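Quick notes on the structure that follows.
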Amino acid sequence: MTTGIACISSYESNDSLVILASQKSNLKKHGLTDKETGYIREQIELRFRKNGDAPEGKLDDNVFLINQYNREVFVVIPNRKSERHLFLEECRRSGHHAVRAVNSEKLKNVTLVNDTGDEEALLALAEGMMLSNYQFLKYKKDPQKEAHTLRGISLLKKEVSQKNADHLALVVNATCTARDLVNEHPAVLTAVQLAEEARKLCKEAGIRVEVFNKAKIEALKMGGLLAVNRGSQLPPTFTVMEWKPPGTAGKKPIVLVGKGVVYDTGGLSLKPTPNSMDYMKSDMSGAAAVICSLYAVAKAKLPVHVIGLVPSTDNRPGENAYVPGDVVQMHNGLTVEVLNTDAEGRMILADALSYAKQFGPELVLDIATLTGAAARAIGTQGIVFMGTAGEKIKKDLVKCGNRVYERLVEFPIWEEYDEMIKSDIADIRNIGGAMAGAITAGKFLQHFTSYPWVHLDIAGGAFLDRNDHYRLKNATGIGVRLFFEYLKSRCK
Ligand code: BES
Ligand code: ZN
Ligand code: ZN
């Protein structure tokens, strides 16, 4: 379920409003009485008094509610911040608080009004509201009972451009679709079903799509994907999606590769229970990010040539499962000694990275819930990245990461780490040692790349065990907004 956006010329006197304001705003022009503005002034003073102490009540969220006789008015005053991207994030977070207030007032629609003249800030507020309004109610007996009331947000034509509003609607919708895919449980979302979902989205958006079945994957000698799939009762898939709009002929594509492990038990190197396996349905979050960002890019008709690759399987300890000690020949011919079957993500990504070579890509970005080490290193707040792409590309990615607040932290891929994945009998092995686990995983992948490449490890931020403002508990849809922002920046 996603929240709609409409651009309107003007609003009715009984439409409920969410006003984006600053401490300097004169709210009388939006139909507030002296008494009401006085009340807000009082609350603001309480809120922003010395050292930012939040007073009693729920004022710490910077949303002030005025109940008028025929409408509700929510005044949102985000905290000021020293940097632009921090302020925009503050607006999204205020959107989270605003939407909770709107839903507790049981409203179906609200109109956003901007008293700051800052269009980006208004769009960020709307984004936070829409992302916070997401729910996954498919398996509830009575979804209506639990559903939020808010259905749509209206923006004023004079305050936002139609294009910006459209892009916002598309990217939020795509992020919520990615959340749906990740939240779906693994008995339903098999590798075949994930490919089917990709196919449906691609068809709708005009993206060329092809799904390779097991026979084709065998013919292509994707040894890594086939090895991981050996413990499964179900076949693997490999999905190729291509968005090639007019005007991009002769240009090298950007290739996105997403880890599509629809469930990771660890295989024979079984994950220890309890708990460590509980949310391993989220191990296809990278795949969801690739599919859904590509969907948004195509719906927005962005003039950039993008190819998406999604290798997919579950990872299980079946009777024919690959075992520690196996040597596997990969798509590019390299041999891998498997010493831990739980390091399966790199096995399937490696084949996809090798497959990407034929497109002569300008850049390949892979995204994966690859290592617990990355999550331990930076927690849920960021994305670990590394790679061989040039400084300009890395800087631009970091910038886009800050803007959408899916922040990137670079880890080194120094040559010396290669020592850690040397094998006695094969070319490389699939695990390093106790240290630098996120890096040795990246190092492994590097062996399958032959073009500018960046690896994104989203293990920390893909699936949360508690709400973090609009990044709600469970699937976050991480990566969709980042890729959309980056690909949009490549069109300028
Ligand atoms: N899917 C996991 C990584 C993961 C862990 C994602 C926690 C999200 C939360 C991955 O396949 C894995 O099991 N990695 C191993 C690698 C190890 C065996 C070298 C890990 O991180 O423990
Ligand atoms: Zn694993
Ligand atoms: Zn995994």
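Read-outs: derived from the displayed coordinates by stated rules, not from any lab. Predicted model, so just to flag it, every value in this text is computed and none were measured. So basically every Cβ, Gly included, is an ideal-geometry build from the backbone, and we count neighbours across all protein chains shown.
Details
- Test for GLY387: is it among the small types (Gly, Ala, Ser) and buried (at least 24 other Cβ atoms within 10 Å of the Cβ): yes
- Residues in region 332-384 that are small (Gly, Ala, Ser), over 13 Å from ALA227 (Cβ atoms) and within 16 Å of ligand 3 (Cβ to nearest atom): ALA352, ALA368, GLY372, ALA373, ALA374, ALA375.
- Pairs where the first residue, in region 397-413, is within 15 Å of ALA377 (Cβ to Cβ) and the second is surrounded by fewer than 21 Cβ atoms within 10 Å (Cβ to Cβ), C-beta under 6 Å, 6+ apart: ARG407/GLY382; LEU408/VAL398; VAL409/ILE378; VAL409/GLY382
- For region 433-453, a residue qualifies if it is in contact with a Gly (Cβ under 6 Å, 6 or more places away or on another chain) and under 20 Å from GLY379 (Cα atoms), and exactly one does: THR440.
- Some residue of region 292-310 being in contact with a Ser or Thr (Cβ under 7 Å, 6 or more places away or on another chain), within 11 Å of ligand 3 (Cβ to nearest atom) and assigned to a helix (DSSP H, G or I): no
- Within region 231-286, considering residues that are basic (Lys, Arg) and away from ligand 1 (no atom under 16 Å from the Cβ), the one surrounded by the most Cβ atoms within 10 Å (Cβ to Cβ): LYS244
- Per the listing LEU353, LEU339, the residue uniquely in contact with a strand residue (DSSP E or B) (Cβ under 8 Å, 6 or more places away or on another chain), within 19 Å of ASP427 (Cβ to Cβ), among the hydrophobic types (A, V, I, L, M, F, W, C) and in a helix (DSSP H, G or I) is LEU353.
- Inside region 329-342, residues that are of a type in the set (A, V, I, L, M) and either surrounded by fewer than 22 Cβ atoms within 10 Å (Cβ to Cβ) or without any contact (Cβ under 8 Å) to a residue 40 or more places away in the chain (or both) make up a count of 2.
- Any hit, region 217-224, residues being touching a residue at least 24 places away in the same chain (Cβ under 8 Å), within 16 Å of ligand 1 (Cβ to nearest atom) and not in a loop (DSSP other than H, G, I, E, B): yes
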